[in-house]
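What follows is a single structure, written as structure tokens, with notes after it.
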Amino acid sequence: MPDAAIELVDVNKWYGTFHVLKDINLTISSGEKVVICGPSGSGKSTVVRCINKLEKHQKGTIRIDGVELTDDANSVATIRSEVGMVFQQFNLFPHLTVLENLTLGPIKARGLSRKEAEEKARHYLERVHIPDQAEKRPLQLSGGQQQRVAIARSLCMEPRVLLFDEPTSALDPEMISEVLDVMVELAQEGMTMVVVTHEMGFARKVADNMVFMDAGEIVEQGKPEHFFTNPRSERCQKFLSQILQH
Amino acid sequence: MKKAFLFLPLFLLAAGCSSSQTWGWYVINPTTESGWTNIKFLISGMGATIQISLIAAVLSIVIGLLVALPGLAESRGWRLVNRIYVEFVRSIPLLPMLFWVFYGLPIVFQSMGMNIPIDPFWGAIITLAISDSAFTAEIYRAGIQSIAKGQSEAAQTIGLNYFQTMRYVILPQAIRRILPPLANQFIYVVKMSAFASVIGMQELTRRANELVVTEYRPLEIYTLLVFEYLVLVLIISAGVRWLERRMGADERG
């Protein structure tokens with residue numbers, strides 16, 4: 001597939017002797033939205049973290065826009081400039097204001113002027129629906145607001161791909177939808193997204209491709225209409241019945 | 001019971017003052033001309049003590065950070081460099097290290113064809129800075145490690161390199177946890193600077209020793225010396241508390 005934004009070929013990873021990722025093959029095209037689900041410990045977060053080079057894979061190839069991910073500093077810099085990441089725990093910088101959280105990357109890594117960076121930051125704060133919180137510190141905001149700031153922080157780097165590692169798992173239930181709404185809007189605007197989540201309503205709405213992982217393997221993947229109504233593997237059926245029964 | 005022990009030194013002091021046979025405060029009596037001259041002589045060592053301690057502490061803060069960073073690296077080789085430095089340096093008692101630097105280091109320089117004399121001032125500073133840096137390095141390491149890993153990961157994902165991550169994300173957060181133990185270390189440096197007297201540095205302790213030799217009034221002179229250090233340390237403590245309050249306010253605002 002020539003327009004593949006991200007390509008994982010036979011990716012393997014071990015923590016010591018523990019085999020966390022087993023022959024992962026996954027292609028994500030530009031503009032595609034992939035949702036990865038699976039029981040905890042299945043390796044789904046590790047896949048996302050490998051794509052961003054927060055973790056090293058030991059075997060196989062990861063290519064981003066045709067550039068192979070290696071240890072070489074240039075390749076890492078390329079990845080970091082094209083791939084944004086949203087964490088479960090937000091990981092905002094508590095000693096900086098919201099605005100400073102958003103402008104730090106553009107100013108220091110991209111060399112934008114303060115004025116340009118702040119304009120951009122305000123633009124993206126508007127997009128995640130919290131334009132009036134710019135001067136506050138992250139800890140003065142609710143969890144949902146913090147996660148939306150984190151999304152805006154990633155967007156300020158104008159990535160081609162955005163990775164989400166369980167973005168709503170640390171949120172109180174009433175704040176989940178405000179974050180998911182922002183993610184749905186991003187999806188509709190054509191952002192390439194890889195989302196690790198248990199929010200199946202969100203998955204049904206935006207996913208082009210569903211990936212189910214268990215014990216370090218991709219057990220099943222396919223279009224959501226097939227995936228939810230007619231999963232082939234038993235493990236996937238069991239998982240879906242467990243999380244969808246409520 | 002504990003309180004009784006607190007009063008013991010005061011009692012001794014009072015008893016001492018009342019009997020002219022054991023105490024001879026005349027030696028540092030500011031109302032007499034010779035007493036005032038002696039006091040001025042003793043206090044004139046203050047400048048050197050402050051200079052040595054301050055320069056050594058600043059150097060130790062810089063060296064400590066440079067030593068701490070490899071200790072936080074992923075690579076085992078870098079961590080080993082940190083471990084060797086810390087374990088080696090902190091195992092050397094200050095006095096032998098002072099002798100080695102003051103008497104030995106110039107010979108090392110000479111053998112390398114360099115003629116770098118080491119005077120008592122810089123000998124003391126180098127020794128104090130190196131000796132203290134092993135401890136400041138450990139303080140930095142603990143402080144930096146106490147900042148959640150997610151912070152540096154987030155910094156990496158917005159394109160910051162290692163030094164930018166340290167400078168803008170990790171250290172500003174770690175510094176509040178690092179500052180109190182670092183201040184403790186500064187107090188330690190001030191006190192250890194007294195060792196510089198043995199290589200002839202004209203600081204507080206040296207002045208006191210010299211006056212004791214001519215006046216032979218060790219009790220009174222060394223008592224004053226103790227209070228000189230006490231005043232220095234109290235000033236530092238007040239300064240650190242002020243700094244902490246200011247940073248705390250900054251964090252909340």
Exercise for review: May I ask you to list the residues in the stretch A:131-170 that are surrounded by fewer than 17 Cβ atoms within 10 Å (Cβ to Cβ), charged (D, E, K, R) and within 18 Å of the chain's Cα centre (by Cα)?
Suggested key: A:Glu158, A:Arg160
Check your understanding: Would it be correct to say that A:Arg80 is of a type in the set (Lys, Arg) and either within 10 Å of chain B (Cβ to nearest Cβ) or without any contact (Cβ under 8 Å) to a residue 24 or more places away in the chain (or both)?
Key -> yes
Check your understanding: How many residues does the stretch A:109-125 hold that are within 14 Å of chain B (Cβ to nearest Cβ), modelled with pLDDT of 95 or more and out of contact with any helix residue (DSSP H, G or I) (no Cβ under 9 Å at 6 or more places or on another chain)?
Key -> 0
Check your understanding: Within the set of pairs 6 or more residues apart or between chains, which connect a residue that is at positive phi and surrounded by fewer than 24 Cβ atoms within 10 Å (Cβ to Cβ) inside the stretch A:31-45 to a residue that is modelled with pLDDT of 90 or more and of a type in the set (S, T, N, Q) with Cβ atoms less than 7 Å apart?
Key -> A:Gly31/A:Thr192
**Study point:** Lone qualifier among A:Pro138, A:Pro94, A:Pro106 - being within 15 Å of A:Pro159 (Cα to Cα) and within 12 Å of another protein chain (Cβ to nearest Cβ)
**Key:** A:Pro106
Exercise for review: Return a yes/no flag: does the stretch A:44-63 have any residue that is among the small types (Gly, Ala, Ser), out of contact with any His (no Cβ under 7 Å at 6 or more places or on another chain), under 30 Å from A:Leu244 (Cβ atoms) and more than 9 Å from every other protein chain (Cβ to nearest Cβ).
Suggested key: yes
Review point. So which residues in the stretch A:52-64 are in contact with a strand residue (DSSP E or B) (Cβ under 6 Å, 6 or more places away or on another chain) and either within 19 Å of B:Ile158 (Cα to Cα) or buried (at least 20 other Cβ atoms within 10 Å of the Cβ) (or both)?
Key: A:Asn52, A:His57, A:Ile62, A:Ile64
Exercise for review: Test A:Arg232 against the stated conditions and say whether it is surrounded by fewer than 19 Cβ atoms within 10 Å (Cβ to Cβ), more than 29 Å from A:Tyr15 (Cβ to Cβ) and free of Cβ contacts under 8 Å to residues at least 40 places away in the same chain.
Suggested key: yes
Check your understanding: Can B:Ala124 be described as assigned to a helix (DSSP H, G or I), more than 30 Å from A:His95 (Cα to Cα) and touching a residue at least 12 places away in the same chain (Cβ under 8 Å)?
Key -> yes
Study note, to complete from the structure: Expected single match for at pLDDT below 95, under 30 Å from B:Ile235 (Cα atoms) and facing chain A (nearest Cβ under 7 Å) among B:Pro181, B:Pro172 is B:Pro172
Revision key, fill the gap. Flagged in the stretch B:152-166 as hydroxyl-bearing (Ser, Thr, Tyr) and more than 7 Å from chain A (Cβ to nearest Cβ), in numbering order, are B:Ser152, B:Tyr162, B:Thr165
Review point. So A:Val128 fits all but one of (1) closer than 23 Å to A:Thr192 by Cα; (2) surrounded by 21 or more Cβ atoms within 10 Å (Cβ to Cβ); (3) within 14 Å of another protein chain (Cβ to nearest Cβ); what number is the exception?
Key: (3)
Exercise for review: Could you tell me which of the residues B:Ile107, B:Ile147 is away from chain A (no Cβ under 14 Å) and of a type in the set (Val, Ile, Thr)?
Suggested key: B:Ile107
Practice item. State yes or no: is A:Pro173 surrounded by fewer than 18 Cβ atoms within 10 Å (Cβ to Cβ) and over 26 Å from A:Val20 (Cβ atoms)? Key: yes
Check your understanding: Is there a residue being polar (S, T, N, Q), loosely packed, with under 13 Cβ neighbours inside 10 Å and in contact (Cβ under 8 Å) with a residue 60 or more places away in the chain anywhere in the stretch B:22-45?
Key -> yes
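The values are calculated or read from the model by the stated rules, or taken from the named source; none is laboratory data. Remember, predicted model here, so these are calculated numbers, not experimental data. Cβ: placed from backbone, ideal geometry, glycine included. Neighbour counts: every protein chain shown.
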